[in-house]
Structures are given as C-alpha cells and as structure tokens.
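The values are calculated or read from the model by the stated rules, or taken from the named source; none is laboratory data. None of these values were measured; they are calculated from a predicted model. So basically every Cβ, Gly included, is an ideal-geometry build from the backbone, and we count neighbours across all protein chains shown. Ligands, DNA and RNA are stripped out before the accessible areas are found, and what is left, the full protein with its side chains, is counted by its heavy atoms. Shrake-Rupley method; radii C 1.70, N 1.55, O 1.52, S 1.80 Å.
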Amino acid sequence: MKNYMDTTLTARERAELLLKEMTLDEKIAQLTGVFSVRGYEDKMAEFFKNGIGQISTLGFRMCGSIEEAAAWQRELQSAVMEASRLHIPAVFHMEGVNGALLQDTTAFPSGVNRGAGFDPALEQEIGEIVSRQEAAFGFTQILAPVLDISRDSRFGRQSEAYGEDPTLAAALGTAYTRGIQETGTAGRHPESAAKHFLGFHRGAAGIHGADVEIGEGLLREVYAKPFQAAITEAKLRGVMPCYCSINGLPMHASKQYLTGLLREEMGFDGVTVSDYGGAENTFLYQKTSESKGEAGYRCLKAGLDVELPMPEAFREMKELFEKGEADEAYVDAAVLRVLEAKFRMGIFEHPFSLQGAELEETVHHAHDDEVSFRAAQQSIILLKNTGALPLSGKEKTIAVIGPHANNARYYFGGYTHLSMVEAMHAAMNSMAGVGGGGDAVHAQMERVPGTNVQVDETEEFNQVLRKLEPKCRSLLEVLREELPEAEILYAPGYYKAGADERLFEEALEIVKKADAVILTLGGKNGSGSIATMAEGVDGTNINLPACQDAFIRRAAAYGKPMIGVHFDGRPISSDASDEHLNAIVEAFTPAKFAAEAVVNVLLGKYNPSGKLPISVAHNAGQIPVYYNHPNGSGWHQSPSIGFADYVDCPHRPRYCFGHGLSYTTFAYSDLVIDKNEVCPFEKLTVSVKVKNTGRVAGTEVVQLYLRDVQASMTRPNKELQGFARVELQPDEEKTVRFTVSSSQMAFVDEDMKWKIEKGEYEVQLGSSSEDIRLTGSYTVSKNAWLEGRDRAFYAEVAIQ
C-alpha cells in the first residue's frame, strides 16, 4: 500500500506524501476540470491521461433516472482513476443552491425565497438534504451557498441570493454550509464552494459580470461578511470568485483579494475554484494578460486553485514552466490544497456512486419533500391586504388570470433542475461558460410579441415539466381541488413580457362574471432565451410588464376584489398593483410546492409569515435603495441640502426590508436590556415579549436592529443584528432573548483596522426595518480593536 493511502494520517500529511510522487503534468491536471457530455466520453478521456482534478456534472441534468446518473459517475470515475498513474480520483462538483440538478432529487425554493423565511434552522436542513443526495452519486463539491449581497433588481440573478442584508445572508449561509459539510454519506464528506466572491451583484449598470467599484471598508463590512461568517463559524472549505473586475483587476487574477483578503485576513484555508471560464476570461475579455497561458499563471499566483469547467488557461501555462519563466511552488501550493480536500472528502476510499437499493434509500427520504414544502410555505409574503384575503370560501365564481396560473414551470427559478433542462430546449443559452445557440438560432425563434423573449408555451417545454416533476401542480389545479363548489374560470389574459394586449378581451369577460379575481403576475425567472430574468438576462425595467399593468387598470373598472400573486426572481414593483389590487402576495419562485403554498395563504389555511429580504425600488432609477444605507444618505439625507424626495418618486422604497403582513396582529412589550454599559468584548442580553393579539395562530419574525448613535466614521442608519421566528397561538405570549456581542457592531476604521467603538448604541425591535415597536440603548465603555474574523456576526437567540 502506498504511504499516502494510510488512513491513520491526516489529510494534509497524506496530500504531502502524494504530492512528492507527482510530475508537473500530473500536478497541472489536478488543477483543471472537464465538462461532462453524454456520448462524448472518448473526447473527455483525452483529458484524463495525467488524471484530472474535477468533473463538471452539469451534463448529468440530461440523465433520465438516478440509476443512469449513478452508472455514468462510476463509468467516468473509473476512466479517470485508470488513466491516472497514481489512481487519483476526480472531484465531481454539482450546483446546490436549489438542490441537485438531477432527475428525481429534491428541488428547493430560490435563495430569495429562503431569505424571506428568515429561518437558519430550516436552511441547515436544506443543506443536509442536498449534501446527502449529491454525495450518494459521488458528488463531493457543492457549488453553494450563494453569499452575494443583492441590492440591484436589474441584475438577472437576484433570485439566487438571500437578499440585501449581510447579517441575514451570514446567518443563512453559515447554516447551509454546516448542513452541507457536517453531513457524511456513504463514507464521503461533501464540501461547500460558496459564491461569488466578492461584490458580484454590484456590477455596473446591473450587468452580469460587469466591473465593480467598492470601497475597501464597505467590501469587508457588507460584501465579505457572509463569507467570513461561513469561514469562521462553519469552516467553509471552498470559494468561487466572481466574474467581475473589482477596483480595476479581475477577481480571478487578484492577489489582493484571493490571497491578501480571503486567505490572510479572513483565514480561509480551503480550495478556490474558478467560475466557468473565469480564468481565461481575464485574457479574452478583461484583457489583463498577453496570452492565455500568462493569464492562467497570473490567476494561479493570485490564489486561484482550480480552473473550471475545462483546461484552458491553466493548461497553456505549462509552457511558462518549461521555459523557466514560472515558479512551480505556486503549482505545488494549489495542488496540495486540492489533494488535501480530496482526502478530506473521503473519495480515495469511496470514489464511486452508490447503486441499487442503497442508492434509492439514500437519495429519497420521506421528509425531503416536506422540507421543500415548508421552505416554500414560509417564504410567501403578504405585501398588501385591504381585507380581500383570506378568501371567504363563499365566492361562487372566481376568475383566475395570467400565464403563471396554469403553468407550473413558472414556479422554478434559475439553477433548479427544471430550469436547467428547460435551457437545453431554449433557442439561446445564457449560462456563463456554457455554449449554446447563436445569431442564426436567435433570429428564427418565436418571440413574445414586441420583445426579445422566446415563447415557451409549447408542448416541447411542457413535456419537461411532465418528465421532471410529474406531481407538480399548477395554481389553477390546486384551487379547483380546494374549492370544488366554486366555478373557477381561467384565461391567460396577458404575456410574461411586453405590452401586447391581444389577450385582454377573453380575460375581461371572465372578470365581469367573477366574485373575486386572482391575477398571477410577473415574468419568467429561469435560464436562457425563454426567461425574462436569469443568469446573463438582465433588464432595465424592474416593474411589471406593461401589458400586465394595463390589464390591472382595465380590470379595475369592474369593481371586483382583485388579488395579485407575483412569481419572478425580483420583487413586484407596480404602481397599478398598489393603486388597484386589494391584496398582493409575493411568491418569487417557490419550486415544486408553489401552488399548494400560495393557495394555503389565499384560503387562510396558512397564515403568511414571509418578510421581504429586499427593499423594493419604485423603478430602476431609484436603484440602489436599501434599508441600511449610511447616515446622511437615502431618506436620511440632510434637509438642508435637498428635498425629501425625488421630483418624481419618493426616496423611500415601495416596500421596506423586513416587511410582511399577517392575518393576525402582534404586540411587543417589556423591552429589557440587562446592562447599561458593556466592555468592548462583553455580551449583553436584549429581551422582549411578543403576544399574538389576534384571533388566529401566526408566526412573527422579530427583528433586532442596532444603530451606532454617533461614530467616528459614517455608519449605517441601522443594521439588522438578530432575528427570530416566533410561533404564537391566539393570546399566547413568548419572550425572545437576544444575546448581543459588542463586536457585532465593529467596523473598519480609517487605518483599515476592525474597531469596536465606545459610545451609545440604540436598540430597535420591530416587525420590519420601518415598523419599529420598541427602542432602548446601551453604551460601550471604551475603544478596542480585533481581527475581523474574530468578531461576532449575529445575535444568538432563545425563545421561551
């Protein structure tokens, strides 16, 4: 037995021993990946002659069963290990933000939905399921969580992130990482690769992969906070850089950020993997190197360990080593990290997928769908209600209108399995680093009238749903099942995009007949040319399509109660909806159980508890608008230097961060702060009583905000620092206790050091960032400094 196969040694010791036996070609092979393409295994094998670091499993989305996927993994892994002189297995990586991209695995609601749930415990459960299901197939690097901070609804990938707030993203992302990395399956231990480091959603003009400019303090305090929390508290093992150039240098090639910030400041000791094509993009598009090989070497020196999905820039950098123009020590350092991860993952001992009954029993657990349903249910947000909801049950005729009502494919966001398979049928692919389509195809595709969006209301696309999610029902189907005595009429009414009104008349006719009207609104969040919002599908209009606003105004003339249910990857923003709808339900993309979750809210079977994780801009011209803006900015601008609003729009958002209504009411009382003054590294307890004062059971998301009253740097006007989901029966009261660490409010000072500053801090407790019910304060006695990675990231919470 080779000494590096001794399992009594640590992963690092085994990696060091194996590294000594490797040639330069074998080392470089470990730093690259190969894209999986069914039917092209011989072409793939051409890259295996020196071994390979990773296999991209995006091609597995076309496997028709779990057995087919498992058999293919075993076939590919066998080919890799047989070709490798040292029999080194490949890491198989797979997306994970909404579950595995595999037939018959569990699909979960989008990140923005789970952000709306404010539930770290549930997020850890989701991580555990994703980890178990993917590890069953031998997939041990999971490209999730998405730890981006999202403050721009023009950006097509807003639905992937947890929202705009770093504390919320830190708590949820850390919980998901724990779920992935603390779940061992079949001897394997998957690791998360969090993305997209760093500032990805802040691309100029809301454009995917565009340049980013962020001050160094803001970068660390806001955009790096979720990554730092996952590193410090969950030992995050993988990081994927973003496509952007940040402050003048591509992140993939930035030693300042990949080594200086990520490894040296933040203490990350895991593996960095490129976003697809990210390394060669630094040469091809960002133009920061003279050749692809030079670009690869520059990325390697900066701190990038693995190039995905194919050997491009890293393969071509070999010539630099042969010429003596590159230092092999950089290769050795990266390969050591890669090998150590492989030993940690357990794939040397357990390289192959499960099969047969063991595969079935491991992939499918009885509670998996229940967790997905619970995540969908908790994410539904009631934005507005003048009494139209819940429905009384006495409505004899209900008009249901909108393309989303009769097509469940709208309920699956980008990076769900269904969305990714839809993309295979779309005329044009929009996923970065993956080819597909072209100008000729684009010219021939059928479009929604007056738009560049492809029509997908066809049998070809409907077959995708029937194959992948045969039990997934539409809103219309569930309503008809739940209300058998009512006559439920349906018409599409309008398109998912554009201004065309040709479908109006049929829909208006059923509005006339109805006792209540349910409008499904929004675009299509997904992938490729069928989507109105997706990776690489950005938009300057964040409002409802013009046809939908126009229909709302036309239908309002009949005076019927109208309820809007919004499905999309960005929150609803519509003057017509605010003016004319009696109730608005924000659903985002809740996945398989969307219809059941929404109908439960419409009928009052479930009391909505979702809260907005994103401030809703009135229009794109107001972007960015977010609750924790600096003092003196946004709607906290000095009245001496400007009007309180724009000339044509308020400064405040349409709906604020943390907003979400309920069918009951909650009273807050008895705020107690156990200490008036604390030392810099001391903790204090903030407690509050919350009572359900209504007639139905409900869940309140109690939100704790802190404000540095007077500081030495311009600070946010408030910061979320804790939250708790509190379930209450009518007249029931519970006490919520937050344990707050002084270091939660630490910030980067003028000398770029993390400072806990002396002075007064205001405590705010409430139901949203604007609905503050109780306030108090405490004082920090003196200044102190610490390492950013050692600070606290959110309050601990207990409910009694």
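Summary of computed values
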{"read-out": "Per-pair calculated FRET efficiency, R0 = 45 Å: T540 and K689 via Cβ, rounded to 0.05", "value": "0.45"}
{"read-out": "Label-reachable residues, region 219-252, where backbone N falls under 16 Å from a point 7 Å from K753's Cα toward its Cβ", "value": "none"}
{"read-out": "Among 333-340, 590-597, 10-17, 630-637, the order from most to least packed when residues are scored by Cβ within 10 Å on average", "value": "590-597, 333-340, 10-17, 630-637"}
{"read-out": "Distance from region 605-641 to region 11-26 (C-alpha centre basis), Å", "value": "52 Å"}
{"read-out": "Tensor-based shape of the chain (alpha-carbon gyration tensor, a/c under 1.5 rounded, otherwise prolate or oblate)", "value": "oblate"}
{"read-out": "Rough spin-label spacing in nm, given labels placed 7 Å along Cα→Cβ, for E46 and D674", "value": "6.7 nm"}
{"read-out": "Length added when fully stretched, R502-T8, from 0.36 nm per residue minus Cα-Cα", "value": "170.7 nm"}
{"read-out": "Solvent exposure ordering (accessible area, 1.4 Å, most first) of R473, R570, R298", "value": "R298, R473, R570"}
{"read-out": "Average accessible surface area per residue within region 175-277, 1.4 Å rolling probe, Å²", "value": "26 Å²"}
{"read-out": "Positive dipole terminus of the chain, leading residue within H93, G217, L383 (C-beta point charges)", "value": "L383"}
{"read-out": "Residue-span extension gain [K396 to A329] - 0.36 nm each, minus C-alpha spacing", "value": "16.6 nm"}
{"read-out": "Cα-centred dipole magnitude for the chain, charges only on beta-carbon of K, R (+1) and D, E (-1), debye, nearest 20", "value": "1000 debye"}
{"read-out": "Whole-percent carbon and sulfur share, accessible surface of region 578-633, 1.4 Å", "value": "48 percent"}
{"read-out": "Estimated distance in nm for a label pair at H425 and K255, the labels positioned 7 Å out from Cα along Cα-to-Cβ", "value": "5.0 nm"}
{"read-out": "Per residue accessible area in Å² of region 528-643, where ligands, DNA and RNA are left out and the probe is 1.4 Å", "value": "30 Å²"}
{"read-out": "Most to least packed among 611-622, 729-740 [average Cβ atoms within 10 Å]", "value": "611-622, 729-740"}
{"read-out": "Rounded if a/c under 1.5, otherwise prolate or oblate - region 197-345, Cα gyration tensor axes", "value": "oblate"}
{"read-out": "Sulfur and carbon atoms: percent of accessible area, region 681-725 [1.4 Å]", "value": "46 percent"}
{"read-out": "For S573, distant residues with modelled amide H under 5 Å away", "value": "L544"}
{"read-out": "Rounded, prolate or oblate (a/c below 1.5 giving rounded, otherwise prolate when a/b exceeds b/c) for region 279-423 by Cα gyration tensor", "value": "prolate"}
{"read-out": "29 Å Cα cut-off, lysine pairs counted over region 301-428 (separation 8 or more, or different chains)", "value": "6"}
{"read-out": "R0 of 41 Å, Cβ-Cβ distance I799-D515: FRET efficiency to nearest 0.05", "value": "0.50"}
{"read-out": "Eligible lysines near K691 by straight Cα distance, threshold 17 Å, same-chain separation 8 or greater", "value": "K734"}
{"read-out": "Anchor K782: aspartates and glutamates whose Cα lies under 13 Å away (excluding residues fewer than 8 positions away in-chain)", "value": "E677, E682, E757, E760"}
{"read-out": "Ranked by how many other beta carbons lie within 10 Å on average, peptides 341-347, 91-97, 550-556, 207-213 from highest", "value": "91-97, 341-347, 550-556, 207-213"}
{"read-out": "Separation between Cα centres of region 204-279 and region 729-751, rounded to whole Å", "value": "27 Å"}
{"read-out": "Residue list for region 649-679, given a label point 7 angstrom along the Cα-to-Cβ vector of S633 and an amide N cut-off under 17 Å", "value": "651-653, 657"}
{"read-out": "Residue list for region 660-701, given a label point 7 angstrom along the Cα-to-Cβ vector of T779 and an amide N cut-off under 17 Å", "value": "673-682, 684"}
{"read-out": "Residue-span extension gain [L284 to Y558] - 0.36 nm each, minus C-alpha spacing", "value": "92.9 nm"}
{"read-out": "Estimated inter-spin distance, E459 and D269, nm [label 7 Å along Cα→Cβ]", "value": "6.0 nm"}
{"read-out": "Student exercise, region 212-359 dipole from Lys, Arg, Asp, Glu Cβ charges, in Debye to nearest 20", "value": "220 debye"}
{"read-out": "Surface accessible to a 1.4 Å probe, per residue, for the residues of region 1-140, Å²", "value": "32 Å²"}
{"read-out": "For N631, distant residues with modelled amide H under 5 Å away", "value": "R715, N717"}
{"read-out": "Within the accessible area of region 1-49 (1.4 Å probe), percent carbon and sulfur", "value": "53 percent"}
{"read-out": "Point-charge dipole on Cβ atoms (K/R +1, D/E -1) for region 579-652, about Cα centre, debye to 20", "value": "280 debye"}
